[in-house]
Every structure is written in structure tokens, then in C-alpha cells.
1. State whether chain A is rounded, prolate or oblate according to the following rule on the C-alpha gyration tensor (a ≥ b ≥ c being the square roots of its eigenvalues): a/c under 1.5 gives rounded; otherwise a/b larger than b/c gives prolate, and the remaining case gives oblate.
2. Taking 0.36 nm per intervening residue step and subtracting the Cα-Cα distance, what contour gain separates A:ALA114 from A:LYS264 on full extension?
3. At 7 Å along Cα-to-Cβ for each site, give me the label-to-label distance between A:THR203 and A:MET256 in nm.
4. Which FRET efficiency value, to the nearest 0.05, is calculated for A:VAL173 and A:GLU65 with the Förster distance at 51 angstrom and r the Cβ-Cβ distance?
5. Using θ = phi - 60° and the Karplus relation 6.51 cos²θ - 1.76 cosθ + 1.60, list the HN-Hα couplings for the range A:81-94 in order, rounded to whole Hz, with x at every Gly or Pro.
6. Rounded to whole Hz and in sequence order, give me ³J(HN,Hα) for the range A:97-107 from the Karplus expression 6.51 cos²θ - 1.76 cosθ + 1.60, θ = phi - 60°, writing x for Gly and Pro.
7. Considering amide H positions built from the backbone, and no H for Pro or chain starts, which residues 5 or more places from A:THR112, or on another chain, come under 5 Å of its amide H?
8. Which is the longest stretch in chain A that no exposed loop site breaks, taking sites as GluC sites (Glu not before Pro) with a DSSP loop state and at most 15 other Cβ atoms within 10 Å?
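Throughout, read-outs are computed from the coordinates displayed, never taken from laboratory work. Please read all numbers here as calculations on a predicted model, not as lab measurements. Every residue, glycine as well, gets a Cβ built from its backbone with ideal geometry; the counts of neighbours run over all protein chains shown.
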Amino acid sequence: MRKENIFKILLAGLFVLVSLNLNAKEAEEETTGKIDTKTGVKEFLGHHLKDSHYFTFFSDGEKGEHYGFPLPVIIWDGGLKVFLASKFHHGEELVELDGNYYKLYHSKIYKTGAEGIIEYGENGFPTNEKPLDFSITKNVIAMITVAILMFLMFWALAKNYQKRSIPKGFSRVLEPLVIYVRDDIAKPNIGPRYKKYMSFLLTVFFFILILNLLGLTPFGINVTGNIAITLGLALVTFIIVQFSGNKHYWKHIFWMPGVPVPMKIILMPIEVLGMLTKPFALMIRLFANMMAGHVVVMSLLGLIFIFQNWIASPAFFGFTLFISLIELLVAFLQAYIFTLLSALYIGMAVEEHEDHPKDHGEDIPVI
Amino acid sequence: MEIPVMVGAGLIVIGAGIGLGMIGGSAMDAIARQPEATGKIQTAMIIIAALLEGIAFAALFAV
């Protein structure tokens, strides 16, 4: 079969999956009745934003069936315990292991008694003990997929350069992006020592970009809209910045030159705080942007089922399409901004005085 | 959500909107004055916009 045909079939499959997904949602809403539609949409949104122990393609609300596959649960509770999430039956049944009972409640695993009762504290949150959860969840699956995908893509690109100077096939798409990251992000912001950080910047750029784009597919894997993952990414940037900081960087934080001594003492804690707020802002920015995008798209889709008439449905379909296109832009923009700001922070840390001869040297007129 | 909280969220969005408008407007002016520096101006504009957006989101999440 020719390549174009395979692509067409894949595209058709994607559309079928989208329509099936919508049908399934519609069926779900119909059974719950008009009064419950709002709560139904809210629940659907909540489930979509959260990480899950199941990989669900679509659900049939009428039969109460979920089409997908369960993922392995790995918990540490006085020993490593591994089992499939299908044992939970979507939170309906308890899992008994070595005399302990575990219950899946709102996508989280709690340790319960034999009756499976979840106790609530004063603030309405469950007080049950939680075992350490190392499960391979939906997000982990997505990240592993992206890692493998990136490895294959860039391995092919690297192989291409061994044979010829101009890459072939999909590598032609990657080459300009790689050069863009090098020439427009790394070089101007890091300076002459950019080569050392290229691997990190490229990895983080493509990792975020592909995960963002994956979040827009009907699978709806909300990985970059999960604060734990953006925390991990921001932490890596933070560690790299601190470890590549030269003596000027530390001097400007703890004992900045050209400032009177009492001022230095006042400024020092502020500078230390500034060191921490940079990765914090990185974390919040990516998380909030991606989560807000998902909420907007899903809310607009949900409005179709709340209004349920012939005028609102096409209008909200159009809105959803429009917002989805904006989200496509945001997916690229957020990957770019995360990489750009990482490069900027690294650049601040590795900057030497000789890097800007024009700022300090011959161009300044001597009075 | 209570009404004061909603009003606060609205104010945050208004503030962020004004800020983004000012950044965009200044960038347009700058590009019109010096079209050859478009790339640099765009990069600076996006950095500032991202910082503003970060603050706006932080405030919205505090709400």
C-alpha cells in the first residue's frame, strides 16, 4: 500500500473515533436526564483533566460500559504490589492483597477496611491512608509513547545526516524546528556556550510540543496540564541553571557589586526568592495554559448537551473548532516559551563579562 | 463561586487584557519604526506577554 493511502485511512479512523466519542457522550447525557446534564458535564470534565488508571477510548453511557484497557497498578505499601486496574471495576469493587483492602476513589487509591468505607475529614477530603502509587497511569503511558516517538524521530534524523547532507522524509519537518531552536532560542539567549545546553533545550521543546499536541487528539491525554509533570520539567531547568551558574551569577545573587552594604543585606533574600520564582512561574504557566485550554474546549462541547437544540449545537461546534485552532497555536507557543525562558535563565547563569564587550568596553565614551 | 470572587477574577482578566494590549501596541509601534528589528521585538514581546500571563494565571488560581 502506498504511503498516502495509509495516511488517509489513519485520518478517516481518527474522524470515526471523534464521532464515536461524541455519540458516546450524547448517550451518556440522555440517560442521565436533563436535570443531571450539568453535573454530568462537570464530572466528564473532571475525569478528563485527571490522570487515570484506565485508558478509555470512549464510553457507552446506556450500557455503562467503557471501551479501553486497564493499566497496571504498582503500589508500595510495606512491599511492592502489582496488579491490573481492571480489578477495581472502575472503583466499584475492593481489591484484597495480603489482608489489606484497596479502593479506587476519584482516580486515587485509598487503603480501606474490609467494608470499603471512605472516611471524610472536616474539610470534606478523605482521611484514609494512601499507599505510595507508582502506577503506570494514562499520563505515564503518554510520556513513554512520546519518549519512544522522539527517539525514533531523532534517530532517523541523525541517521539521515550520516548518509547525505539534506535529510529525507519526515526529517525534513524536524530540521527547521531544530535549527529554529538553535538559532532563535539558544544562540541569542545563552551566548557562545550554547552547545552544551542544546540537547536539553531540544528535548524539552519537542517533549512539551508533542504532549501538547497529543492533548488535542480525541484521546484527550492531559499531560502538560498536570501540575506534577510541569513541576518535574521546571525542576530540571532549575537544577541545570543552578549547576551551570558561574561565579558572577552567585555573586550577583548573594553580594551584588556596586550596591552599598546595608542594601546588599536587604537585596540578598529578594534575589534568593527570585531564583526560586523563575522555575515556579515556568511550572504555573505551562500547567495553567494547558489546563485552561482543555477546560474551555470541553466546556464548549458540554454546552451542546446542556442546551440541546438545533441552533446552539452548530454554534458551539463552531466555537469548539475555533478554540481548538487557537489551542494548536498555544501548543506551539507554550513549548516555545518554556524553551525560551529556560534558555534565558541558563544564559543569565553562564554569562561572562567578556560576552558583551560593547556594553562595558570600547563603545562607552570615556569622559 | 461567590460574587466578590467572581468580580476579582474579572478584574484580573481586565488587568491582564490591558497589559497585553499595551505590550502588543508598543510592539506594533516599534516594528513600524524599525521593521528590520522585527524578530528581536517579537521575542521581547512574547517574553513580556508570557510573564504577564504567568502573573494573571497565578492570580486566577489564587481565586
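1. Prolate, since a/c reaches 1.5 and a/b exceeds b/c.
2. Value of the extension gain: 47.9 nm.
3. Once both label points are built, they end up 3.3 nm from each other.
4. With a Förster radius of 51 Å, E is 0.85.
5. Here the 3J(HN,Hα) series is 10, 10, 7, 7, 5, 4, 4, 6, 6, 6, x, 7, 10, 8 Hz.
6. Working through the residues one at a time gives 9, 6, x, 9, 10, 10, 10, 8, 9, 6, 6 Hz.
7. It is A:TYR101, A:TYR102, A:LYS103, by chain and number.
8. Of all site-free stretches, the longest is A:130-351.
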